[in-house]
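See below for the structure under consideration.
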Amino acid sequence: MAHKELKRSIARSNAFRALQKSIGGATSYLNTVAVSLELTVPQPITPPTTLHIPWACPATVQKRRDLVSQTRNFVLRSVMIAACDALDSFIREWASTDWLAFPQSAINIATKATTNSNGREWSVFDRLKTLADVLQVDDVDAYLALVSLGSRWRNALVHMGRARFELDKNVRSILKSPKTKQILGVKAGFDITETIKKFDSAEDPSLKDVTTILAYMQDVCRQLDQAAICRVADTEDKVEVLLKNALKIHFITRGELDEFWGIHRPNEWIGGSATASYAVKECMNTRLPEYQPKWERKFSNLLNSLGFSMSEHPVSHEISSKCVGFLASMSACDFAKEVGL
(Lines give C-alpha, C1' and ligand atoms only; values in the text may rest on other atoms or scores of the structure.)
Protein backbone atom coordinates (compact mmCIF):
# COMPACT_ATOMS: atom_id res chain seq x y z
CA MET A 1 0.00 0.00 0.00
CA ALA A 2 1.44 3.39 -1.01
CA HIS A 3 2.05 5.83 1.80
CA LYS A 4 0.35 9.20 1.68
CA GLU A 5 2.57 12.25 1.30
CA LEU A 6 3.55 13.81 4.61
CA LYS A 7 2.59 17.45 4.98
CA ARG A 8 3.69 19.92 7.63
CA SER A 9 0.89 21.57 9.55
CA ILE A 10 -0.27 22.43 13.04
CA ALA A 11 -1.34 19.02 14.29
CA ARG A 12 -2.30 19.92 17.87
CA SER A 13 -1.98 22.69 20.40
CA ASN A 14 0.59 22.57 23.20
CA ALA A 15 -2.25 22.28 25.69
CA PHE A 16 -3.65 19.18 24.01
CA ARG A 17 -0.16 17.70 23.67
CA ALA A 18 0.25 18.07 27.45
CA LEU A 19 -3.12 16.39 28.05
CA GLN A 20 -2.14 13.46 25.85
CA LYS A 21 1.17 13.17 27.65
CA SER A 22 -0.68 12.98 30.97
CA ILE A 23 -3.38 10.43 30.10
CA GLY A 24 -2.62 9.18 26.58
CA GLY A 25 -1.76 5.63 27.56
CA ALA A 26 -4.12 5.37 30.52
CA THR A 27 -6.33 2.59 29.15
CA SER A 28 -3.39 0.36 28.30
CA TYR A 29 -1.71 1.03 31.64
CA LEU A 30 -4.88 0.38 33.64
CA ASN A 31 -5.60 -2.83 31.76
CA THR A 32 -2.04 -3.97 32.47
CA VAL A 33 -2.50 -3.26 36.17
CA ALA A 34 -5.84 -5.11 36.19
CA VAL A 35 -4.37 -8.21 34.53
CA SER A 36 -1.33 -8.17 36.80
CA LEU A 37 -3.49 -7.92 39.90
CA GLU A 38 -5.70 -10.82 38.86
CA LEU A 39 -2.64 -13.03 38.43
CA THR A 40 -1.97 -12.75 42.16
CA VAL A 41 -5.30 -14.32 43.14
CA PRO A 42 -5.05 -18.07 42.22
CA GLN A 43 -1.67 -18.84 43.79
CA PRO A 44 0.54 -17.09 46.37
CA ILE A 45 3.42 -15.19 44.79
CA THR A 46 6.74 -13.87 46.04
CA PRO A 47 7.84 -10.38 44.96
CA PRO A 48 11.17 -10.19 43.09
CA THR A 49 14.08 -9.33 45.36
CA THR A 50 15.00 -6.47 43.02
CA LEU A 51 11.95 -4.52 44.20
CA HIS A 52 13.32 -4.20 47.76
CA ILE A 53 9.86 -3.79 49.29
CA PRO A 54 8.24 -5.27 52.40
CA TRP A 55 5.26 -7.18 51.02
CA ALA A 56 3.71 -10.48 52.04
CA CYS A 57 1.19 -12.25 49.85
CA PRO A 58 -2.05 -13.08 51.73
CA ALA A 59 -2.35 -16.77 52.55
CA THR A 60 -5.87 -17.46 51.28
CA VAL A 61 -7.60 -16.89 47.95
CA GLN A 62 -10.29 -14.76 49.58
CA LYS A 63 -7.77 -12.51 51.29
CA ARG A 64 -5.84 -12.13 48.05
CA ARG A 65 -9.04 -11.26 46.19
CA ASP A 66 -9.95 -8.67 48.82
CA LEU A 67 -6.49 -7.11 48.55
CA VAL A 68 -6.71 -7.03 44.75
CA SER A 69 -10.13 -5.35 44.93
CA GLN A 70 -8.90 -2.68 47.33
CA THR A 71 -5.77 -2.09 45.29
CA ARG A 72 -7.72 -1.80 42.04
CA ASN A 73 -10.09 0.76 43.60
CA PHE A 74 -7.13 2.74 44.90
CA VAL A 75 -5.50 2.82 41.47
CA LEU A 76 -8.74 3.76 39.72
CA ARG A 77 -9.43 6.60 42.16
CA SER A 78 -5.90 7.91 41.71
CA VAL A 79 -6.13 7.81 37.91
CA MET A 80 -9.54 9.47 37.87
CA ILE A 81 -8.26 12.29 40.08
CA ALA A 82 -5.08 12.76 38.04
CA ALA A 83 -6.95 12.71 34.73
CA CYS A 84 -9.54 15.28 35.81
CA ASP A 85 -6.81 17.54 37.18
CA ALA A 86 -5.01 17.25 33.80
CA LEU A 87 -8.30 18.11 32.07
CA ASP A 88 -8.75 21.21 34.22
CA SER A 89 -5.22 22.35 33.31
CA PHE A 90 -5.94 21.67 29.65
CA ILE A 91 -9.10 23.77 29.62
CA ARG A 92 -7.36 26.70 31.31
CA GLU A 93 -4.24 26.63 29.15
CA TRP A 94 -6.06 25.87 25.90
CA ALA A 95 -8.65 28.62 26.30
CA SER A 96 -5.89 31.10 27.18
CA THR A 97 -3.69 30.23 24.18
CA ASP A 98 -3.36 33.54 22.37
CA TRP A 99 -3.20 32.25 18.82
CA LEU A 100 -6.42 30.24 19.20
CA ALA A 101 -8.17 33.60 19.60
CA PHE A 102 -11.05 32.69 21.91
CA PRO A 103 -13.19 35.69 22.94
CA GLN A 104 -12.48 37.02 26.42
CA SER A 105 -15.98 36.12 27.65
CA ALA A 106 -15.35 32.46 26.82
CA ILE A 107 -11.87 32.59 28.38
CA ASN A 108 -13.35 33.96 31.60
CA ILE A 109 -15.75 31.02 31.85
CA ALA A 110 -13.16 28.41 30.83
CA THR A 111 -10.61 29.63 33.36
CA LYS A 112 -13.26 30.20 36.04
CA ALA A 113 -12.31 33.86 36.28
CA THR A 114 -16.03 34.56 36.69
CA THR A 115 -18.91 32.66 38.30
CA ASN A 116 -22.32 31.68 36.98
CA SER A 117 -25.56 33.50 37.72
CA ASN A 118 -25.89 31.61 41.02
CA GLY A 119 -22.47 32.72 42.15
CA ARG A 120 -21.04 29.21 41.79
CA GLU A 121 -18.02 28.04 39.83
CA TRP A 122 -18.59 27.05 36.24
CA SER A 123 -18.76 23.27 35.81
CA VAL A 124 -16.56 21.30 33.44
CA PHE A 125 -19.59 20.89 31.19
CA ASP A 126 -20.25 24.64 31.11
CA ARG A 127 -16.60 25.45 30.41
CA LEU A 128 -16.16 23.00 27.55
CA LYS A 129 -19.64 23.67 26.15
CA THR A 130 -18.89 27.40 25.99
CA LEU A 131 -15.71 26.77 24.00
CA ALA A 132 -17.48 24.24 21.75
CA ASP A 133 -20.17 26.82 21.00
CA VAL A 134 -17.55 29.37 20.00
CA LEU A 135 -16.08 26.79 17.62
CA GLN A 136 -19.57 25.82 16.39
CA VAL A 137 -18.88 22.17 17.21
CA ASP A 138 -22.17 20.32 17.52
CA ASP A 139 -23.17 16.86 18.76
CA VAL A 140 -20.66 16.71 21.62
CA ASP A 141 -23.06 17.15 24.53
CA ALA A 142 -23.07 13.42 25.33
CA TYR A 143 -19.28 13.34 25.60
CA LEU A 144 -19.13 16.58 27.58
CA ALA A 145 -21.77 15.29 30.00
CA LEU A 146 -19.81 12.06 30.56
CA VAL A 147 -16.60 14.00 31.18
CA SER A 148 -18.52 16.23 33.59
CA LEU A 149 -19.71 13.12 35.42
CA GLY A 150 -16.09 12.03 35.74
CA SER A 151 -15.16 15.42 37.15
CA ARG A 152 -17.94 15.26 39.76
CA TRP A 153 -16.82 11.74 40.68
CA ARG A 154 -13.29 13.06 41.06
CA ASN A 155 -14.45 15.82 43.40
CA ALA A 156 -16.42 13.38 45.52
CA LEU A 157 -13.41 11.04 45.78
CA VAL A 158 -11.12 13.87 46.85
CA HIS A 159 -13.54 15.31 49.42
CA MET A 160 -14.73 12.04 50.93
CA GLY A 161 -15.61 13.62 54.28
CA ARG A 162 -18.04 16.05 52.62
CA ALA A 163 -18.58 14.29 49.32
CA ARG A 164 -21.49 15.38 47.14
CA PHE A 165 -22.48 12.81 44.56
CA GLU A 166 -24.64 15.24 42.62
CA LEU A 167 -25.03 16.08 38.95
CA ASP A 168 -26.38 19.26 37.42
CA LYS A 169 -29.89 18.73 36.07
CA ASN A 170 -28.88 19.42 32.48
CA VAL A 171 -25.99 16.96 32.65
CA ARG A 172 -28.16 14.24 34.18
CA SER A 173 -30.84 14.83 31.56
CA ILE A 174 -28.30 14.47 28.74
CA LEU A 175 -26.78 11.32 30.23
CA LYS A 176 -30.16 9.65 30.68
CA SER A 177 -31.37 10.34 27.15
CA PRO A 178 -31.69 7.39 24.73
CA LYS A 179 -29.48 9.22 22.25
CA THR A 180 -26.63 9.46 24.75
CA LYS A 181 -26.97 5.81 25.73
CA GLN A 182 -26.67 4.86 22.08
CA ILE A 183 -23.68 7.16 21.47
CA LEU A 184 -21.71 6.10 24.54
CA GLY A 185 -22.64 2.44 24.14
CA VAL A 186 -20.19 2.20 21.24
CA LYS A 187 -17.48 1.37 23.78
CA ALA A 188 -17.84 -2.38 24.40
CA GLY A 189 -19.27 -3.28 27.77
CA PHE A 190 -20.09 0.28 28.84
CA ASP A 191 -23.59 1.07 30.12
CA ILE A 192 -24.13 4.69 31.14
CA THR A 193 -27.26 3.77 33.10
CA GLU A 194 -25.28 1.45 35.38
CA THR A 195 -22.51 4.02 35.69
CA ILE A 196 -24.97 6.67 36.89
CA LYS A 197 -26.40 4.21 39.43
CA LYS A 198 -22.91 3.62 40.85
CA PHE A 199 -22.28 7.35 41.06
CA ASP A 200 -25.63 8.02 42.76
CA SER A 201 -24.90 5.21 45.25
CA ALA A 202 -21.50 6.79 46.09
CA GLU A 203 -19.66 3.71 44.83
CA ASP A 204 -16.19 3.63 43.32
CA PRO A 205 -15.98 3.75 39.52
CA SER A 206 -15.20 0.46 37.81
CA LEU A 207 -12.28 -0.18 35.48
CA LYS A 208 -14.66 0.17 32.52
CA ASP A 209 -16.07 3.43 33.88
CA VAL A 210 -12.64 5.02 34.24
CA THR A 211 -11.19 3.83 30.92
CA THR A 212 -14.33 4.89 29.04
CA ILE A 213 -14.45 8.35 30.64
CA LEU A 214 -10.76 8.88 29.89
CA ALA A 215 -11.12 7.66 26.31
CA TYR A 216 -14.01 10.01 25.57
CA MET A 217 -12.20 12.81 27.42
CA GLN A 218 -9.33 12.56 24.96
CA ASP A 219 -11.62 12.11 21.97
CA VAL A 220 -13.73 15.19 22.61
CA CYS A 221 -10.73 17.36 23.52
CA ARG A 222 -9.03 16.26 20.31
CA GLN A 223 -12.15 17.15 18.32
CA LEU A 224 -12.32 20.59 19.91
CA ASP A 225 -8.59 21.15 19.51
CA GLN A 226 -8.72 20.37 15.80
CA ALA A 227 -11.74 22.62 15.30
CA ALA A 228 -9.95 25.47 17.08
CA ILE A 229 -6.86 25.02 14.89
CA CYS A 230 -8.89 24.92 11.68
CA ARG A 231 -10.72 28.10 12.69
CA VAL A 232 -7.54 30.20 12.90
CA ALA A 233 -5.22 28.38 10.46
CA ASP A 234 -7.31 27.53 7.42
CA THR A 235 -5.18 29.37 4.86
CA GLU A 236 -1.49 29.31 3.95
CA ASP A 237 -1.02 32.96 4.93
CA LYS A 238 -2.55 32.43 8.37
CA VAL A 239 -0.38 29.39 9.09
CA GLU A 240 2.78 31.22 8.06
CA VAL A 241 1.93 34.13 10.37
CA LEU A 242 1.39 31.68 13.25
CA LEU A 243 4.67 29.91 12.47
CA LYS A 244 6.70 33.12 12.48
CA ASN A 245 5.05 34.23 15.71
CA ALA A 246 5.83 30.87 17.34
CA LEU A 247 9.47 31.17 16.25
CA LYS A 248 9.67 34.69 17.66
CA ILE A 249 8.27 33.55 21.01
CA HIS A 250 10.57 30.51 21.08
CA PHE A 251 13.83 32.39 20.63
CA ILE A 252 12.91 35.52 22.64
CA THR A 253 16.45 36.95 22.37
CA ARG A 254 19.03 37.28 19.63
CA GLY A 255 21.52 35.42 21.81
CA GLU A 256 19.37 32.27 21.78
CA LEU A 257 18.84 32.58 18.04
CA ASP A 258 22.55 33.06 17.32
CA GLU A 259 23.41 29.98 19.39
CA PHE A 260 20.83 27.86 17.58
CA TRP A 261 21.93 29.18 14.19
CA GLY A 262 25.55 28.34 14.98
CA ILE A 263 27.07 31.66 13.96
CA HIS A 264 29.81 31.10 16.56
CA ARG A 265 30.85 27.85 14.84
CA PRO A 266 32.79 29.10 11.79
CA ASN A 267 33.80 25.57 10.79
CA GLU A 268 30.19 24.96 9.61
CA TRP A 269 30.13 27.81 7.13
CA ILE A 270 31.53 28.43 3.68
CA GLY A 271 33.98 31.28 4.13
CA GLY A 272 33.62 31.09 7.91
CA SER A 273 36.49 32.33 10.04
CA ALA A 274 37.08 32.38 13.76
CA THR A 275 38.47 35.87 13.43
CA ALA A 276 35.52 37.24 11.48
CA SER A 277 33.51 39.97 13.14
CA TYR A 278 30.09 39.35 14.69
CA ALA A 279 28.47 41.41 11.92
CA VAL A 280 30.00 39.12 9.32
CA LYS A 281 29.10 35.93 11.16
CA GLU A 282 25.44 36.84 11.63
CA CYS A 283 25.12 37.46 7.90
CA MET A 284 26.54 34.06 6.84
CA ASN A 285 23.84 31.93 5.21
CA THR A 286 25.68 29.15 3.35
CA ARG A 287 26.73 26.08 5.28
CA LEU A 288 29.34 23.57 4.19
CA PRO A 289 27.72 20.60 2.36
CA GLU A 290 28.55 18.15 5.17
CA TYR A 291 26.67 20.29 7.72
CA GLN A 292 23.59 21.09 5.62
CA PRO A 293 21.69 17.79 6.24
CA LYS A 294 22.29 18.08 9.99
CA TRP A 295 20.98 21.66 9.93
CA GLU A 296 17.86 20.67 7.99
CA ARG A 297 17.08 17.96 10.57
CA LYS A 298 17.72 20.42 13.40
CA PHE A 299 15.40 23.02 11.90
CA SER A 300 12.74 20.38 11.20
CA ASN A 301 12.94 19.17 14.82
CA LEU A 302 12.50 22.76 15.98
CA LEU A 303 9.29 23.09 13.97
CA ASN A 304 8.07 19.76 15.35
CA SER A 305 8.68 20.94 18.91
CA LEU A 306 6.60 24.05 18.21
CA GLY A 307 3.67 21.93 17.00
CA PHE A 308 4.26 22.32 13.25
CA SER A 309 4.80 18.66 12.44
CA MET A 310 4.67 16.29 9.48
CA SER A 311 1.53 14.21 9.07
CA GLU A 312 -0.47 12.27 6.51
CA HIS A 313 -3.57 13.96 7.88
CA PRO A 314 -2.82 17.67 8.41
CA VAL A 315 -5.19 19.57 10.68
CA SER A 316 -4.42 23.16 9.75
CA HIS A 317 -3.67 24.33 6.25
CA GLU A 318 -0.35 22.95 5.01
CA ILE A 319 2.83 24.97 5.51
CA SER A 320 4.62 24.97 2.18
CA SER A 321 8.07 23.44 1.91
CA LYS A 322 9.02 26.67 0.12
CA CYS A 323 8.25 28.69 3.25
CA VAL A 324 10.19 26.30 5.49
CA GLY A 325 13.12 26.24 3.09
CA PHE A 326 13.09 30.04 2.87
CA LEU A 327 13.30 30.43 6.65
CA ALA A 328 15.94 27.73 7.08
CA SER A 329 18.18 29.19 4.38
CA MET A 330 18.36 32.65 5.92
CA SER A 331 21.24 34.15 7.81
CA ALA A 332 20.65 34.72 11.52
CA CYS A 333 20.33 38.45 10.87
CA ASP A 334 17.73 38.06 8.12
CA PHE A 335 15.79 35.43 10.07
CA ALA A 336 15.57 37.71 13.10
CA LYS A 337 14.13 40.48 10.93
CA GLU A 338 11.68 38.09 9.25
CA VAL A 339 10.15 36.85 12.52
CA GLY A 340 10.34 40.21 14.26
CA LEU A 341 13.06 39.65 16.85
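Close amide H contacts of residue 8 (hydrogens built in the peptide plane, cut-off under 5 Å, sequence separation of 5 or more or a different chain): 311, 319. For residue 187, the lysines whose Cα comes closer than 23 Å to its Cα, not counting residues fewer than 8 places off in the same chain, are 21, 129, 176, 179, 197, 198, 208. Placing R0 at 56 angstrom, the Cβ-Cβ distance between residue 277 and residue 164 gives a FRET efficiency of 0.20 after rounding to 0.05. Long hydrophobic helices in the chain: the complete DSSP H runs spanning 30 Å or more by Cα along their own axis with mean Kyte-Doolittle hydropathy of at least -1.0 are 61-95, 207-232.
Solvent exposure of the chain, expressed per residue, is 54 Å² of accessible area, with all protein chains present and a 1.4 angstrom probe. Full extension of the chain segment joining residue 116 with residue 237 gains 39.7 nm, where the gain is 0.36 nm per residue of separation less the Cα-Cα distance.
Full extension of the chain between residue 155 and residue 249 yields a length gain of 30.2 nm, computed as 0.36 nm times the residue separation minus the alpha carbon distance.
Expressed as a whole percent, the accessible area of segment 198-271 that falls on carbon and sulfur atoms is 52 (1.4 Å probe). Dividing the convex hull volume of the alpha carbon atoms of segment 198-341 by its residue count gives 168 Å³ per residue. Dividing the summed helix terms, -39500 (n - 2.57) for each DSSP H run of n ≥ 4, by the number of residues in the chain produces a 222 nm estimate of -19000 deg cm²/dmol to the nearest 500. Share of carbon and sulfur in the accessible area of segment 1-131 stands at 57%, probe radius 1.4 Å. Here the scattering of segment 170-232 is modelled by Debye summation over its C-alpha atoms, one equal scatterer each and no solvent; at q = 0.16, 0.17, 0.25, 0.29 Å⁻¹ the log10 of I(q)/I(0) is -0.61, -0.67, -1.12, -1.27. For residue 50, the solvent-accessible surface computed with a 1.4 Å probe is close to 110 Å², ligands and nucleic acids excluded. The packing ranking, built from the mean of other Cβ atoms within 10 Å per residue, places the peptides 140-150, 117-127, 258-268, 209-219 in the order 140-150, 209-219, 258-268, 117-127, highest first. Per residue, the convex hull around the alpha carbon atoms of segment 18-169 comes to 173 Å³. Computed over segment 285-341, the P(r) curve from all C-alpha pair distances, binned at 10 Å from the origin, holds 20, 51, 26, 4 percent per bin.
Using the Cβ of residue 254 as centre and a radius below 15 Å, the other residues enclosed give a net charge of -3, where K and R count +1 and D and E count -1. Working note: Debye formula, equal point scatterers on the alpha-carbon atoms of segment 124-223, no solvent; log10 I(q)/I(0) at q = 0.13, 0.14, 0.24 Å⁻¹ is -0.42, -0.49, -1.42. Shown are 322, 244, 181, 176, whose ranking by accessible area with a 1.4 Å probe and every protein chain present, most to least, is 322, 176, 181, 244.
For segment 55-145, compute Rg over Rh where Rg is the Cα radius of gyration and Rh is the Kirkwood radius from the inverse mean 1/r over Cα pairs. My calculation of the ratio gives 1.25.
Extension gain, residue 98-residue 341: 0.36 nm per intervening residue step, less the Cα-Cα distance, totals 85.6 nm. State log₁₀ I(q)/I(0) for segment 103-172 at q = 0.24, 0.29 Å⁻¹ as given by the Debye formula over alpha-carbon point scatterers of equal weight, solvent excluded. With one equal scatterer per Cα and no solvent, log10 I(q)/I(0) is -1.14, -1.30. Between rounded, prolate and oblate, where does segment 1-77 land on the alpha carbon gyration tensor, with a ≥ b ≥ c its root eigenvalues, rounded for a/c under 1.5, else prolate if a/b exceeds b/c? It is prolate, given that a/c is not under 1.5 and a/b is the larger ratio. The computed Cα extents along the principal axes in Å for the structure shown corresponds, within (1) 66, 44, 36; (2) 78, 58, 46; (3) 66, 52, 35, to (2).
The Cβ shell under 14 Å around residue 97 holds other residues with a net charge of +1, Lys and Arg each +1, Asp and Glu each -1. Report the Cα centroid-to-centroid distance between segment 39-98 and segment 120-184 in angstrom, as an integer. Taking the Cα centre of segment 120-184 as reference, the centre of segment 39-98 is 25 Å away.
Taking amide H as placed 1.01 Å from N in the peptide plane, residue 286 has its amide H under 5 Å from the amide H of 270, each at least 5 places away in sequence or on another chain.
Taking other residues whose beta carbon is less than 12 angstrom from the beta carbon of residue 118, and scoring Lys, Arg as +1 and Asp, Glu as -1, yields -2.
The values are calculated or read from the model by the stated rules, or taken from the named source; none is laboratory data. Predicted model only: the values in this text are computed from it and were never measured. Cβ sites come from the backbone with ideal geometry, for glycine too, and all protein chains shown count toward neighbours. Note: areas computed on protein heavy atoms with side chains; ligands, DNA, RNA excluded. Shrake-Rupley method; radii C 1.70, N 1.55, O 1.52, S 1.80 Å.
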